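This report refers to the structure that appears directly beneath it.
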Amino acid sequence: YARKKYEVYILRRMRRTLIIEEINDVKIINIGSPELHDAHFKSVFTKLIFSKYAKKFVEQLKPDIIHFTDAYTAFYLTDIEGCKVFTLHSPLYDWTRIRQGFVSNLLWLSKRPFNLWIQTSVLKKSSIIVALNSHQEQILKNLGYKVIRIPNGIDLSEFNSIKSAEEEYILYGGRLSIEKGVHILIKAYSKVAKKLRGQTPQLIIIGSGPEEARLKGLVSRLGLKTKIKFLPHLPRRLFLNFMSGSIMFVLPSFYETFGVAVLEAMALGKPVIASDIPGPRDIITHGHDGLKFRAGDFNQLAEYMLQLIEDKALRRRLGANAKVTSQKYDFDVIARQYINLYNLLLEQYERARY
């Protein structure tokens, strides 16, 4: 937006006083709101206080458009008059959240009414809601909200300098949590390893999270410690370099709001195998630029992994088509969709006022 000569402000939370800095013509406003150390509650109350502090600044700034990406930080800001856009980056009402254990379920259930109230309030007060996938778009429409679908994007220029080559390993990158389905990938890989024996490419799992110890235990029980390598969360450039060396990227999630990692792999010309769930379902055309398997079905995932391992021509064809598909999600393409939306909202707002 800044490159297109729009005046852009980003508000963020810091533990100090108000500071304004400028990066690439974007003004970063550090709102000095307090930190309540409520991480166990997803920093809900810290975010709400930030929203209250930010409201005072935004009222003075008087922007043409206010754009939210989180319901809690948006809560008080939605009371400001004007055009308000809410891009929903999390599953609506947390309906698809996967929890493990009695305490986690109890905590989630106790917080759910409050979460519903916050999110519903923001949804109702927003001028329009942006859904990232077609499934979420349909749910919102059925609930009577004004909604448009604009997917996430990637900066394709970032990938031009990354050389893509195959180094005979399979890659997963992301958070190690139950909903990411990494245990499904490990079980599928175990079946592949039994069939191919010594010819199995290594599986590299990059990321960290609450399931790390459990996943490493599963790897040990399956006798795969020499075949599966765990790496911690890596700086972005290093992660993309790992991605560029893989023979395939696998996303075994049970849910995603979108799945940017899928786009990143496709931009590097990599064949992707992803769960057939909202998000990846909109991006991948099965058999053309990637493969989709039934979420949780490690037998089908193993079948597709074997296909790609054994058929280099298929890998190349899917990867080449994937690179073409990724061009639809370039930042400039997505930015134009948002700018068109902003202009439409401003026209409607001005007509309503006069």
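The values are calculated or read from the model by the stated rules, or taken from the named source; none is laboratory data. In this text the structure is predicted, and so the values were computed from the model without any measurement. Positions of Cβ are backbone-derived with ideal geometry, glycine not excepted, and every protein chain shown enters the neighbour counts. The protein model used for the area step is the full one, side chains on, heavy atoms only, and it has no ligands, DNA or RNA in it. Shrake-Rupley method; radii C 1.70, N 1.55, O 1.52, S 1.80 Å.
Couple of notes before you dig in:
- Orientation-averaged projected area, Cα convex hull of segment 236-291 (nm²): 3.6
- Helix-only CD estimate at 222 nm, as mean residue ellipticity for the chain, using -39500 (n - 2.57) per DSSP H run (n ≥ 4): -13500 deg cm²/dmol
- Solvent-accessible area, 1.4 Å probe, carbon plus sulfur percent, for the chain: 53
- Remark: accessible surface ordering of Met14, Met266 (largest first) is Met14, Met266, probe radius 1.4 Å.
- Spatial separation of Cα centroids for segment 62-83 and segment 131-152, in angstrom: 19
- The trypsin sites (Lys or Arg not before Pro) of segment 1-62 that meet both conditions, a loop assignment by DSSP and at most 11 other Cβ atoms within 10 Å of the site Cβ, are Lys4, Lys5, Arg15, Arg16.
- Near Gln202, the amide H atoms lying under 5 Å from its own belong to Ile170; only residues 5 or more places off or on other chains count, and H is placed 1.01 Å from N.
- Rounded to whole Hz, the Karplus (6.51, -1.76, 1.60) HN-Hα couplings of segment 33-48, x for glycine and proline: 8, x, 9, 9, 6, 10, 4, 5, 10, 6, 6, 4, 6, 4, 5, 5
- Rg over Rh for segment 251-354 works out to 1.18, both radii taken from alpha-carbon positions and Rh defined as the Kirkwood radius.
- Qualifying GluC sites (Glu not before Pro) in segment 13-77, where qualification requires a DSSP coil assignment and no more than 16 other C-beta atoms within 10 Å, comprise Glu35.
- Cα-Cα separations in the chain greater than 37 Å, expressed as whole percent: 25
- Length available on full extension from Lys195 to Phe114: 0.36 nm per residue minus the Cα-Cα distance, which gives 24.2 nm.
- Whether segment 154-238 is rounded, prolate or oblate, judged on the alpha carbon gyration tensor where a/c under 1.5 counts as rounded: oblate
- From the C-alpha gyration tensor of segment 17-74, square roots of 5λ in Å: 22, 14, 11
- Pairwise FRET efficiency - Tyr349 versus Leu143, Cβ, R0 = 22 Å, nearest 0.05: 0.45
- Taken per residue, the accessible surface of the chain reaches 51 Å², heavy atoms only and a 1.4 Å probe.
- Integer Hz, Karplus 6.51/-1.76/1.60 couplings in order for segment 118-135, x for Gly and Pro: 4, 5, 4, 4, 5, 4, 5, 8, 7, 5, 7, 10, 9, 9, 8, 9, 5, 5
- Counting 0.36 nm for each residue step from Glu81 to Ile20 and taking away their Cα separation leaves a gain of 19.6 nm.
- Separation in nanometres of the label points that stand 7 Å from Cα toward Cβ, at Phe331 and Asn299: 4.5
- Expected-Rg normalisation [2.2 N^0.38 Å, Cα atoms] applied to segment 182-288: 1.08
- Note on Ile162 and Phe57: the extension gain reaches 33.7 nm, defined as 0.36 nm multiplied by sequence separation minus the Cα-Cα distance.
- Mean Cα-pair separation over length for segment 111-194, i.e. relative contact order, pairs under 8 Å, 6 or more apart, %: 18
- Taking 4 °C and 1.567 mPa s as conditions, segment 299-354 diffuses translationally at an estimated 87 µm²/s according to Stokes-Einstein applied to its Kirkwood radius (Cα pairs).
- DSSP finds beta bridges in the chain, and of those with both partners inside it, around 10 percent are antiparallel.
- Karplus-derived 3J(HN,Hα), 6.51/-1.76/1.60, for each residue of segment 304-317, Hz, glycine and proline x: 5, 4, 4, 4, 6, 5, 8, 10, 5, 5, 5, 4, 5, 5
- Model label sites at Arg221 and Arg175, defined 7 Å from Cα along the beta-carbon direction, differ in position by 2.4 nm.
- In this structure, the amide hydrogen of Ser253, modeled 1.01 Å from its nitrogen in the peptide plane, lies closer than 5 angstrom to those of Ser275, counting only residues at least 5 positions away or on a different chain.
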